[in-house]
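Let me begin by presenting the structure, written as structure tokens, before commenting on it.
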Amino acid sequence: MDKLTTISVVLFMAADVFAIVSLAMPDWLVSDSNGDTRLGLMWTCVTLYNRSQVCYTPELEPEWLITLICIFIGCICITTTIILLASSNFDRNVIPYAKYVGFTAMILFCLAAVIFPLGFRIQELNAAPFQLPSNMNVGISYIMFVLALWITVIAVLFAGKVICLPHF
């Protein structure tokens, strides 16, 4: 594997790990007022007045369900891209497919980043779309997802450079 392909694979792997970890943690939106509330796409955890923490799978509103689906399919696309780039050692003809699948992952992550704030209207927040209430903050899971998005963008740029190289 050449240097640019290796860099692309490493960046795609990092993006995949960050996206999967962000989904697994319930810290997309957090609040410390009136106990500890942590809202996530797959888990929501609530601690009221020093009682034990209660975690449950939320019934997602359509916006957050679409966000979850976009991130999940994006992770599948990134994993497919990694496999295609790794197999490019044996067949250089798969590199364009890897680039387009990686680009699809980037588009899905961008859609998820735009659609997620539409879901701020959920009952737990009681806010308007794109207007996070003052008692809530974005958590580490959302930050990790945005990091995965940016790493994916950079990895797609590197994957695009791999195609432009002359192959003898």
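Using the Cβ atoms and a cut-off under 13 Å, what net charge is assigned to the surroundings of PRO58, where Lys and Arg are +1 and Asp and Glu are -1?
With Lys, Arg at +1 and Asp, Glu at -1, the net is -3.
Where does the charge balance sit around SER31 when Lys and Arg score +1, Asp and Glu -1, over other residues with C-beta under 15 Å from its C-beta?
Residues near SER31 contribute -3 overall.
Excluding ligands, DNA and RNA, what is the solvent-accessible area per residue of the chain at a probe of 1.4 Å, expressed in Å²?
On a per-residue basis, the chain sits at 55 Å².
Summing +1 for each Lys or Arg and -1 for each Asp or Glu, what net charge is found among the other residues whose Cβ lies under 15 Å from the Cβ of ASP91?
+1
Charges only on Cβ, +1 for Lys and Arg, -1 for Asp and Glu: so what's the dipole of the chain about the Cα centre, in debye to the nearest 20?
440
In whole percent, and with a 1.4 Å probe on the protein chains, what portion of the accessible area of the range 40-168 is carbon and sulfur?
Solvent-exposed carbon and sulfur of the range 40-168 make up 68 percent of the total.
Based on the Kirkwood radius over alpha-carbon pairs, what is the Stokes-Einstein translational diffusion coefficient of the range 94-145 at 37 °C with 0.692 mPa s viscosity, in µm²/s?
Rounded, D is 253 µm²/s.
Taking the Cα atoms only, what angle lies between the long axis of helix 140-164 and the longest principal axis of the chain, rounded to 10 degrees?
On a 0 to 90 degree scale, this one is about 10.
Taking square-rooted eigenvalues a ≥ b ≥ c of the alpha carbon gyration tensor, is the chain rounded, prolate or oblate, where a/c under 1.5 means rounded and, failing that, a/b exceeding b/c means prolate?
prolate
Output needed for the range 65-112: three equivalent-ellipsoid semi-axes, defined as square roots of 5 times the C-alpha gyration tensor eigenvalues, in descending order, whole Å.
Value: 24, 9, 5 Å, ordered largest first.
Largest first and to the nearest Å, give the Cα extent of the range 70-159 along each principal axis.
Sorted largest first, the three principal extents are 54, 17, 16 Å.
Under the rule of -39500 (n - 2.57) per DSSP H run of 4 or more residues, summed and divided by the residues of the chain, what mean residue ellipticity at 222 nm is obtained, to the nearest 500 deg cm²/dmol?
Calculated from helices alone, the mean residue ellipticity at 222 nm is -19500 deg cm²/dmol.
The values are calculated or read from the model by the stated rules, or taken from the named source; none is laboratory data. The structure presented is a predicted model; accordingly, all values stated were derived computationally and were not measured. Cβ coordinates were reconstructed from backbone atoms using ideal geometry, including for glycine residues, and neighbour counts include every protein chain displayed. All accessible areas refer to the heavy atoms of the entire protein, side chains included, with ligands and DNA or RNA removed. Shrake-Rupley method; radii C 1.70, N 1.55, O 1.52, S 1.80 Å.
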